[in-house]
Structure formats: C-alpha cells, structure tokens
Amino acid sequence: LLYLAQDGELLGAFAVNDPVREDAAEIISLLHENGVKKCVMITGDDEGAAKTAALATGVDEYISNALPEDKVAYIKREQKRGHKVIMIGDGINDAPVISRADVGIAMGALGSDAAIESADVVIITDEPAKIARAIKISRTTISIVYQNIILSLGVKATIMVLSATGTGNMWLAVFGDVGVCFLAILNSMRALKGKISR
C-alpha cells in the first residue's frame with residue numbers, strides 16, 4: 001500500500017500489485033516433475049499478496065513478510081535437515097540467500113548486479129522454465145558420466161584379468177585404451193540430442 005498525504009492530511013491510498021507470471025504454475029509443475037520435492041516462495045510481500053501468488057502458482061509452502069536475514073535463516077534450517085537447497089532470486093535483497101544456498105540462481109535480465117554476482121547460475125533470458133531444463137540436463141549428464149566410468153573400469157578390469165591369465169594381446173590393450181575412450185565419447189553424444197536439448 002502507498003499512502004498520499006499533504007501537510008499531514010491523508011489524501012488517499014494506492015494498492016500496487018505485481019502480476020503473477022502466466023507460466024508460473026507450469027514452471028512449478030515442471031520443477032516437481034524433475035525431482036524437486038518442495039517449492040517454497042519466500043517473499044517480503046505481506047500475507048495477502050503472498051497467499052494470492054502462492055495459490056496462483058501452486059507452490060508447496062510460502063513465507064510472507066520475510067527480511068533477507070529470514071530467508072538466510074530458512075535456508076540454514078533446511079540445510080541442517082540434510083536438504084539440498086536451490087535459491088532463485090533477482091533482487092539485491094536476495095543476494096545473501098543466493099550465496100548461502102547449495103545452488104544459487106539469479107534471473108539475469110531483470111536481476112540486480114548483487115544477485116548476479118552472488119549466483120552460481122545466471123538465467124540470462126529471464127525464463128524460469130529453463131531452470132527445470134537445466135536440472136534435467138544436469139541429471140542426464142551425471143548419469144552419462146557414471147555410465148562412462150563403469151564402462152571404462154569394467155573393460156579395463158576385464159582386459160587386466162585376460163592379460164594376467166595369458167589370453168590377452170596388444171590389440172586388446174589398444175581397444176581398452178582407445179576403443180573405450182571412443183565408446184565413452186559416443187555415449188556422451190547422447191546429451192546432444194533428444195529431449196534434454198530442447
């Protein structure tokens with residue numbers, strides 16, 4: 001609420017409200033689909049505005065009238081409970097909590113310099129939907145890395161056993177070195193196509 005007064009006399013009051021993004025509910029849904037267990041909105045807005053936004057977006061929980069130190073305290077509590085916390089923000093008040101989170105994300109197009117400098121990840125286009133895509137890409141990438149490690153160690157262990165028993169040869173050793181590297185590259189190229197690249 002903004003109040004207008006002249007010479008100590010109240011002339012009127014204005015209610016100002018930010019509209020909720022049209023794609024906000026879809027973004028929360030995408031985050032849940034990509035393994036985010038709980039989406040919490042922490043805002044400095046009053047209870048009425050926070051509740052309206054929470055109902056429109058479908059967040060699991062909301063906290064209103066929060067100061068920057070309240071946001072940091074919330075993150076610390078969740079981390080003490082063993083939870084990994086991603087913080088998404090764009091304002092100068094979000095900078096402390098962005099830097100405290102396990103992964104801090106700043107919205108680059110409208111974000112303050114302080115929030116951007118504190119962040120681990122910056123979404124330049126100011127499209128929160130890309131956060132869900134980034135989570136999906138990172139999980140696929142980690143999966144591919146583990147597959148490549150298991151493939152490499154498995155093949156090399158097999159070649160070592162064959163060499164120790166006298167059934168291995170030089171060409172098998174070449175495959176264990178160059179061939180496995182080539183297979184790992186081919187496996188990694190899966191990240192360039194399919195759903196995660198869209």
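Annotations for the structure displayed:
- Rounded tilt (10° steps) of 129-164 against the dominant C-alpha axis of the chain: 20 degrees
- Loop sites in the range 46-84: trypsin sites (Lys or Arg not before Pro), DSSP, at most 13 other Cβ within 10 Å: Arg81, Lys84
- Principal-axis analysis of the Cα atoms of the chain puts helix 24-33 at an angle of about 30° to the longest axis.
- For the chain, the relative contact order comes to 12 percent (Cα pairs under 8 Å, sequence separation of at least 6).
- In this Cβ point-charge picture (+1 for Lys and Arg, -1 for Asp and Glu), the chain has a dipole of about 1620 debye about its Cα centre.
- Highest-fluctuation residue, Leu153, Leu11, Leu55 considered, GNM on the chain with Cα pairs under 10 Å: Leu11
- With protein chains left intact and a 1.4 Å probe, residues in the range 24-105 average 56 Å² of accessible area per residue.
- The long axis of helix 68-80 is offset from the longest Cα principal axis of the chain by roughly 40 degrees.
- Under the Karplus curve 6.51 cos²θ - 1.76 cosθ + 1.60, θ = phi - 60°, whole-Hz ³J(HN,Hα) for the range 167-172, x wherever Gly or Pro sits: 9, x, 9, 5, 5, 5
- Cross-link partners for Lys80 among the lysines, with Cα-Cα distance under 25 Å and sequence neighbours closer than 8 places in the same chain left out: Lys37, Lys38, Lys71.
- If you wrap the Cα atoms of the range 48-159 in a convex hull and average its projected area over all directions, you get 9.4 nm².
- Loop-located GluC sites (Glu not before Pro) in the range 1-71 (DSSP state not H, G, I, E or B) with no more than 16 neighbouring Cβ atoms inside 10 Å: Glu22.
- Treating r as the C-beta distance of Asn187 and Ala129 and R0 as 30 Å, the FRET efficiency rounds to 0.60.
- Rounded percent of accessible protein surface that carbon and sulfur make up, the chain, 1.4 Å probe: 60 percent
- 5 angstrom amide H check on Met41, placed H, neighbours 5+ away: Glu61, Tyr62, Ile63
- Each other residue within a Cβ distance under 15 Å of Ile124 adds +1 if Lys or Arg and -1 if Asp or Glu, for a net charge of -4.
The values are calculated or read from the model by the stated rules, or taken from the named source; none is laboratory data. Not measured: the values here are computed from a predicted model. Note that each Cβ is placed from the backbone with ideal geometry, even for glycine, and that neighbours are counted across all protein chains shown. We work out accessible area using only protein heavy atoms, side chains counted, and drop any ligands, DNA or RNA first. Shrake-Rupley method; radii C 1.70, N 1.55, O 1.52, S 1.80 Å.
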